[in-house]
Amino acid sequence: MKLCEIQLVINITGEDRIEDIELGINEKILSSAVNTVSAKIWLQVGYYRFLLDEPLPNFSGFTLKQIILGWQLLQSLAVVVFDSFTLSEQDNIKHLLNFAPRIARGGLVNAFARALVLDSQRAEELMNVFVFGRVHNQEVWLQPLVPYKDDFCLVIPSIHSVHLHRIVEGWMRQGGLDLDRRGPEFENFCLKEIVIAVEESPIKESIQILGKSINFTPPDERSEEIDIVVIVADTILLIEAKCILWPDESLQFANYRDTVEAAVVQITRKRDAVTRNRDSFSKRIKDLGYKAPENFTVACCVLTNSAILSGFPIATVPIIDLSILNAFFKNEHIKFELRHLGESIQKHSITFYINAKEAGDTLNTYLTHPPQLTETKKYVKSREIEFPLESSEFGKFLHEVYFVQVDVNEIRKQYDA
């Protein structure tokens, strides 16, 4: 109960629709809520933690934390409904509508009121955050309750197994939160995570992290603001940090890439400015209390808040996430590990350098082509999803997706040999 914060759905009753919703906590529902609770905890310690308690003007003043709890209640309802299906119902297209069960409005409002300790009016206002209507920026992933007469249908696939981080970003946008505030929070979060990783580095004595963004104005040139600067031996790494909303459809993916490409142009310009004005930049570093290498190499990258495009350079500029960057500092990537009863009994890992000088020399190459992605790329597969729609003119409606399917047995054989 303490981790979940609220009581969740443990049982439902009703004939043609769900009439009564029983709340409580049991081992089964706690097990199904593990992923959601873990994601919620990460949000509470990540770069969105300062935004979780702010009232959202477009959502009746509810905070993201309250909305997450409401969503958690709906997800537990979806789990109970899904678990009531037989295997034949799950796989039979004739039972497709079972995945959008009808729920009595009064019963749902009452569940919200009891779970979150709200009066009936506030409970209905919170429930309305999840109702899909005629608002242009709504999505069924964010609003899985579809009105049906006086009741609602809960679209189970839209809530049963989803990415909470991405959904929270959607509520931020819809709720009227100032999204520009995410940038500085993300930069501060990245700095703290990099500091932690460097503390575990075998070459930490040769790494300097500037404690905040740096303003650099070369003679007779425009002023530049560099988000993060890390000095590794004789290499100075300039980082453009970008906190971008998680994309979920074609237009959003296109906008995401446009944002990353714009960041590439920015960091390239800043890198070139530093390269042209080495003496001025060296002085700026020293004025801030850090040691500037005499003959330094300048590297740059774009650091994003998701793995999308990470490991795939754009215009020779590396695109990375924190896991790629921090793995370099820790100087280890575990390619294969076999564990038994919590103990490691076999492990195969790689390192990226043998000393500080080599670390500085190989940093840009590592960021451009992260070696830990080499094997992963080999296991990229495609799959066609056939929708239950068919047109006499166009035929079947197919959607092709790509995913990573690692062959564990093949890897085991490779390293056993």
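The values are calculated or read from the model by the stated rules, or taken from the named source; none is laboratory data. Keep in mind that what you see is a predicted model, and the values were worked out from it rather than measured. Note: ideal-geometry Cβ built from the backbone for every residue, glycine included; neighbour counts use all protein chains shown.
Structure above, values below:
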item: Qualifying residues in region 37-71 (those that are over 20 Å from CYS243 (Cβ atoms) and at pLDDT below 90) - the one surrounded by the fewest Cβ atoms within 10 Å (Cβ to Cβ); result: SER38
item: Selected residue (criterion: farthest from TYR48 (Cα to Cα)) from residues of region 266-306 that are without any contact (Cβ under 8 Å) to a residue 40 or more places away in the chain and of a type in the set (Gly, Ala, Ser); result: SER282
item: Of the criteria (1) within 21 Å of the chain's Cα centre (by Cα); (2) modelled with pLDDT under 95; (3) crowded, with 17+ Cβ neighbours inside 10 Å, which one PHE312 fails; result: (3)
item: Selection from region 209-224 of residues that are free of Cβ contacts under 8 Å to residues at least 24 places away in the same chain, touching a helix residue (DSSP H, G or I) at 6+ places or on another chain (Cβ under 9 Å) and not basic (Lys, Arg); result: ILE209, GLY211, ASN215, THR217
item: Qualifying residue in region 175-196 (condition: over 28 Å from the mean Cα position of the chain (by Cα) and either over 24 Å from TYR48 (Cα atoms) or not aliphatic (A, V, I, L, M) (or both)); result: no
item: Subset of region 221-235 that is farther than 17 Å from VAL195 by Cα and not charged (D, E, K, R) - its residue that is surrounded by the fewest Cβ atoms within 10 Å (Cβ to Cβ); result: SER223
item: Selection status of LYS381, surrounded by fewer than 13 Cβ atoms within 10 Å (Cβ to Cβ), over 27 Å from THR316 (Cα atoms) and touching a strand residue (DSSP E or B) at 6+ places or on another chain (Cβ under 8 Å); result: no
item: Any hit, region 13-36, residues being among the charged types (D, E, K, R), at pLDDT below 75 and closer than 25 Å to ARG173 by Cα; result: no
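Let's see how each residue does on (1) at pLDDT below 95; (2) of a type in the set (Phe, Trp, Tyr); (3) over 24 Å from ASN326 (Cα atoms):
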residue	(1), (2), (3)
LEU238	no, no, no
ASP248	yes, no, yes
ARG269	no, no, yes
GLU294	yes, no, yes
ALA299	no, no, no
